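Written below as structure tokens is the structure these notes are about.
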Amino acid sequence: MEHTQTFGRVTDRGGAGPTGAAGNRLVGSDRVLAVLGQLARYPDGVGLEELTRAIGSPKPTVHRALGALRRAGLAGQDARGRYVLGDEFLRMACAHHEARPEHVRVRPVLEALAARFGETTHYAVLDGREVVYRAKVDPPAGAVRLTSTVGGRNPAHATAVGKLLLAHRLRSLEEVEAWIGDAPLVRRTPRTVCTATALHRELRATRERGHGLDDQENETGVSCLALPVYATSPSAPSGAVSVSAPAYRTPLSTLADALDEIRAALGPLGRPRR
């Protein structure tokens, strides 16, 4: 599945509350960044009291952080006095996103695949233990749409794009174990692969077939097929394109049967240049 999770709060691994880089309570620039991250969770704006509770810091310090963000144009207040992301932040984010070469080059492919299958398509990249969605195209009006968002994240081990990209980086069981480390793999559904041995086996199978599969592993009822994209490197995938669909309407077998067609839509972007 290629689906959820957006900008979250800064927490320690145990989820006990906001922390700084050294595991202490948020201070200085860490607090400012945490406030910025929280603002992204409230497109309709958020009051100071609610924001203070979410950050877990005293009201005066959160207010000072908001002041710094407002002076930089990264935060503002609407007519109701609620805090929102500032226009300067949106300008920078949009300009940076639009300037990414892979986003510009992959978009026509996503549009063609969304029109062909009537399903949601994504372009995602690997970021540590997660995948980040850089582009998304919804199917034509009237079709069921997924709630994924550009900038949203999902665990790499549970997604087709994530497993595909990991397959190019983690080739031995020892590498998989080192990547997992001390943080257990989250089980999103009963089908999620959650052990090093099982993930290593899945990554090996992904390399052999050349495409990634998510058989309702990230969200029950949603399946996905992903292919690599070579947008910024001739030999290593910069990311992956996926077609995600409700399993009842477009089964994974239907996507697999159309593999050659999906690969053809990618054209040169889908082939390494060695």
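Checked against (1) over 23 Å from Asp127 (Cβ atoms); (2) assigned to a loop (DSSP other than H, G, I, E, B); (3) free of Cβ contacts under 8 Å to residues at least 24 places away in the same chain; (4) not small (Gly, Ala, Ser), Tyr248 passes all but condition (3).
Results for (1) touching a residue at least 24 places away in the same chain (Cβ under 8 Å); (2) out of contact with any Ser or Thr (no Cβ under 6 Å at 6 or more places or on another chain); (3) under 20 Å from Gly152 (Cα atoms); (4) not aliphatic (A, V, I, L, M), shown as yes or no for each residue.
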site	(1), (2), (3), (4)
Lys59	no, no, no, yes
Gly67	no, yes, no, yes
Gly73	no, yes, no, yes
Gly76	no, yes, no, yes
Ala79	no, yes, no, no
Leu85	yes, yes, yes, no
Met92	no, yes, yes, no
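Quickly run through the range 54-85 and pick out the residues that are loosely packed, with under 13 Cβ neighbours inside 10 Å and either touching a helix residue (DSSP H, G or I) at 6+ places or on another chain (Cβ under 6 Å) or of a type in the set (D, E, K, R) (or both). Arg71, Asp78, Arg80 - these are the residues of the range 54-85 that are loosely packed, with under 13 Cβ neighbours inside 10 Å and either touching a helix residue (DSSP H, G or I) at 6+ places or on another chain (Cβ under 6 Å) or of a type in the set (D, E, K, R) (or both). Checked against the criterion of being in a helix (DSSP H, G or I) and touching a Leu at 6+ places or on another chain (Cβ under 7 Å), the candidates Arg207, Arg263, Arg201 yield just one match: Arg263. Look through Ala183, Ala205 and report the one residue that is under 17 Å from Ala158 (Cβ atoms) and within 21 Å of the chain's Cα centre (by Cα). Being under 17 Å from Ala158 (Cβ atoms) and within 21 Å of the chain's Cα centre (by Cα) holds for just one of Ala183, Ala205, which is Ala183.
As a summary of the residue check, Asp138 satisfies the conditions (1) without any contact (Cβ under 8 Å) to a residue 24 or more places away in the chain; (2) under 23 Å from Val104 (Cβ atoms) except for the one numbered (1). Count of the range 208-236 residues, restricted to those that are under 21 Å from the mean Cα position of the chain (by Cα), more than 18 Å from Pro155 (Cα to Cα) and without any contact (Cβ under 8 Å) to a residue 60 or more places away in the chain, is 2. Every residue in the range 108-127 that is in contact with a helix residue (DSSP H, G or I) (Cβ under 8 Å, 6 or more places away or on another chain) and part of a strand (DSSP E or B), please. Correct list: Thr120, Thr121, His122, Tyr123, Ala124, Val125, Leu126. Restricted to the range 156-180, and to residues that are open to solvent by 20 Å² or more (accessible area, probe 1.4 Å) and either of a type in the set (D, E, K, R) or on the phi > 0 side of the Ramachandran plot (or both), which residue is nearest to the chain's Cα centre (by Cα)? By that ranking, first place goes to Arg169.
Number of residues in the range 237-255 that are open to solvent by less than 20 Å² (accessible area, probe 1.4 Å) and not aliphatic (A, V, I, L, M): the value is 5.
The values are calculated or read from the model by the stated rules, or taken from the named source; none is laboratory data. For clarity, every value in this text was computed on a predicted model and none was experimentally measured. Every residue, glycine as well, gets a Cβ built from its backbone with ideal geometry; the counts of neighbours run over all protein chains shown. All accessible areas refer to the heavy atoms of the entire protein, side chains included, with ligands and DNA or RNA removed. Shrake-Rupley method; radii C 1.70, N 1.55, O 1.52, S 1.80 Å.
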